[in-house]
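Below you'll find the structure, written out as structure tokens, and then a few comments.
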Amino acid sequence: MNVPIFFSPSFLSFYDSAINPVIPNDAQEVSAEVRDSVLSKTHSGNFVLAYDASGAPVAALPAPLTLEATRQALTAEATATRWEIETNGITLANGLVFKTGVEHRTRVDQVISDMETEGELDVDFKAASGWVTLALTDVKELRRAMSRHVRGCFTAERQHHEAIAALKTMADAHSYDLSAGWPDPGAAAGSPET
């Protein structure tokens, strides 16, 4: 028994009338052979599902990205890279690792405020690398190191955004190195004493 198969250009989908009770209005009947041929090409990854002028399904080469679309993708990737490096943390010269996300920087600011208000000389602090006792001067140096790291991340992101905006050709865009120019999370100046 041959069950009618339909293709809808507006939804870019095939419909089997035996399992799809609702078929879009623009759908046209196609053979199982046409469906299977088109889908086998699209599954290779080299083609996308499309339709021709009559609305019939075809396997087509994907439209090439424009330089502007490639710039936008690179810019988004630069921003994502900045966020990852910015929040992943820093390693101080003494080997202590501290996370640097907004909530971690806020916590350090709160610790400084509390220590100054309460006259505390030192505080137990849970670093990403484990527990440590820090003096107020150590916590302030940690905050400076975090701030330098975050500022460096934003500076690098801006430099990437400006360089990406200046790309003139697709070849330039394809060879652009997003891994260059970011701050080294292990190069944070200063080290709270432990």
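Computed from the coordinates by the stated procedures, all read-outs in this text should not be read as laboratory data. Quick caveat: nothing in here was measured; it's all calculated off a predicted structure. In this analysis, Cβ positions are derived from the backbone assuming ideal geometry, glycine residues included, and neighbour counts consider all displayed protein chains.
Ranking V102, P62, L39 by how far each Cα lies toward the positive end of the dipole of segment 16-117 (charges on Cβ) leaves V102 at the top. For Rg/Rh (Cα atoms, Kirkwood Rh), the value computed from the atomic coordinates appears in the list (i) 1.15; (ii) 0.97; (iii) 1.30 under label (iii). Normalised by the number of residues in segment 67-174, the average gap of Cα pairs under 8 Å and 6 or more apart makes the relative contact order 34 percent.
Once a ≥ b ≥ c are taken as the square roots of the eigenvalues of the Cα gyration tensor of segment 20-74, is the result rounded (a/c under 1.5), prolate (a/b larger than b/c) or oblate (a/b not larger than b/c)? Prolate. Ranked by how many other Cβ atoms sit within 10 Å of their own Cβ, fewest first, the residues L12, L121, L136 fall in the order L121, L12, L136.
In the chain, Cα pairs under 8 Å separated by at least six residues give a relative contact order of 20 percent. Secondary-structure-derived ellipticity at 222 nm for the chain, considering helices only, amounts to -15000 deg cm²/dmol, per-run term -39500 (n - 2.57) for DSSP H runs with n ≥ 4. When the charge dipole of segment 67-174 is built from unit charges on Cβ atoms (+1 for Lys and Arg, -1 for Asp and Glu) and taken about the Cα centre, the candidate among A73, F125, M170 whose Cα reaches farthest toward its positive end is M170.
Using a cutoff of 8 angstrom between alpha carbon atoms and counting only pairs six or more residues apart, the relative contact order for segment 5-60 works out to 33 percent.
Taking amide H positions as modeled 1.01 Å from N, with prolines and chain starts lacking one, the residues under 5 Å from A127 and 5 or more places away or on another chain are V132. Under a 5 Å amide H cut-off, with hydrogens placed 1.01 Å from N, Y51 pairs with V58 among residues at least 5 apart or on other chains. By the count of other C-beta atoms within 10 Å, a proxy for reagent exposure, M170, M115, M146 are ordered fewest to most as M170, M115, M146.
The charge dipole of segment 5-60, taken about the Cα centre with unit charges on the Cβ atoms of Lys, Arg (+1) and Asp, Glu (-1), comes to about 140 debye, rounded to the nearest 20. For segment 174-179, 3J(HN,Hα) computed residue by residue from phi via the Karplus equation (6.51, -1.76, 1.60; θ = phi - 60°) reads 5, 9, 5, 9, 6, 7 Hz, glycine and proline entered as x.
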